[in-house]
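Derivation of every value follows stated rules applied to the coordinates shown; laboratory data play no part. For clarity, every value in this text was computed on a predicted model and none was experimentally measured. We place every Cβ from the backbone using ideal geometry, glycine too, and count neighbours over all the protein chains shown.
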Amino acid sequence: MLQDKTAVIHGVGAMGGAVARALAEAGAQVHLAGRSKAHLDDVAAALGGAASVAELDVLDAAAVAAHADAVAAEAGGIDIALNAAAFPFAHDRPFTELEVDEVLHPVDVYLRANLATAKAVAPHLSARGAGTILTLSSAAALGRAPGQLGFGTACTAVEELSRRLAVELAPARVVCLRANLVADAAHDSATTELFEKRAAAAGVTIDALLDVVAGNVTLLGRLPTLADVGAAAVFACSDHAAALTGTVLDLTSGNALRTATGALVGVLG
């Protein structure tokens, strides 16, 4: 589906790595960028060694732009870009215990990172006539749970930024992938510590906690997987999604509220 396409992925943790694998399997030439050269090399090796790697900080706009220029010069342009960089943030703490800077930190870094990558690749997308920028969000954007003020606001901002970038950069397309509690990322992602704390507080394992969550807060009775996110990314970047832009693909398995007896109260969104 993506033969002869060139993709640049910033941040190759669980989500970025999954999308990189899916894009490569669909035929794209993948270029990986991130802060850890060792981790980048591991992901590239898992892709068969065909992906190029570049060690850089996604918040360094000049470095991001230089990398995009180098990839485009080599490949003749860029067709796909994803910012999957993750940052630490205050979570599960009430607003009254947070400093203002703690609330603003995730908003600042997630917006800066997405703006830096979008600006860097935009000239090279237009050189090819079009292309696709992918962003990532979570159900925290829906703002229905306490303790997520900073990160939830950041996710809401990324989703709105994606819509506005679609207007600014057309005919290039911009699509945000909103996933939540990705089951097979819980043990190896930026949020693993959070899962561990919540599971410990409940006196259960992470997997047991996720089983309860799947049955109580999704319409489908299952949590999304990394494969789901990767498949959605391939679709969003393919010709099958040629009319799709300025929108959010909800991959949360249907965020929902249920009563203690399992009756559906409503859908969040």
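Restricting to DSSP H runs of at least four residues, report the calculated mean residue ellipticity at 222 nm for the chain, -39500 (n - 2.57) per run over all residues, nearest 500 deg cm²/dmol. Don't jump to the answer; show the numbers that get you there.
On the way: 8 runs with 121 residues, N = 269.
Counting only the DSSP helices, I get -14500 deg cm²/dmol.
Given a Förster distance of 25 Å, report the FRET efficiency between T192 and E168 from their Cβ-Cβ distance, rounded to the nearest 0.05.
0.10
Starting from the Cα of K119, step 7 Å along the direction of its Cβ; do the same at A70; then give the gap between the two resulting points in nm.
2.0 nm
Among all the aspartates and glutamates, which ones have a C-alpha under 13 Å from K119's C-alpha, if same-chain residues fewer than 8 places away are not counted?
Partners found: D60, D69, E168.
Excluding residues fewer than 8 places away in the same chain, name every one of the lysines whose C-alpha is closer than 22 Å to that of K37.
none
Take the Cα atoms of the stretch 98-169, build their convex hull, and give its volume per residue in Å³.
Values: hull volume 5.1 nm³, N = 72.
Here the figure is 71 Å³ per residue.
Let me have the relative contact order for the chain, percent, based on Cα pairs under 8 Å that are six or more residues apart.
Working: 543 pairs, mean separation 51.5, N = 269.
Answer for the chain is 19 percent.
State, to one decimal in nm, how far the label point of L219 lies from the label point of R93, with both points 7 Å from Cα in the Cβ direction.
In this crude label model, L219 to R93 measures out at 3.6 nm.
For a Förster distance of 30 Å, can you work out the FRET efficiency between the beta-carbons of A227 and V100, rounded to the nearest 0.05? All intermediate terms of the calculation are to be shown ahead of the outcome.
Values: r = 39 Å, r/R0 = 1.30.
FRET efficiency, A227 to V100: 0.15.
Quick check on the chain: what does the Kirkwood estimate of hydrodynamic radius come out to from the alpha carbon pairs, in Å?
Values: mean 1/r = 0.0529 Å⁻¹.
Evaluated on the chain, it is 18.9 Å.
Within the chain, which DSSP H helices have Cα atoms that stretch 24 Å or more along the helix axis and a mean Kyte-Doolittle hydropathy of at least 0.5? Present the calculation step by step, with values, prior to reporting the outcome.
Working: long enough: 100-127 (41 Å, 0.44); 149-169 (29 Å, 0.56).
The answer, listed by residue number, is 149-169.
Quick one: compute a quarter of the convex hull surface over the Cα atoms of the stretch 17-122 and quote it in nm². Mind dumping the intermediate values first?
Working: hull surface 30.6 nm².
Its Cα hull, projected and averaged over all orientations, spans 7.7 nm².
Kindly state, to the nearest 0.05, the FRET efficiency for A38 paired with E160, given R0 = 41 Å and r defined as their beta-carbon distance. Display every interim value, and only then the final one.
Numbers: r = 35 Å, r/R0 = 0.85.
For A38 and E160, the calculated efficiency is 0.70.
Work out how much length H240 to L111 would gain on full extension: take 0.36 nm times their residue separation and subtract the Cα-Cα distance, in nm to one decimal.
Values: separation 129, 0.36 × 129 = 46.44 nm, distance 2.84 nm.
Result: 43.6 nm gained on full extension.
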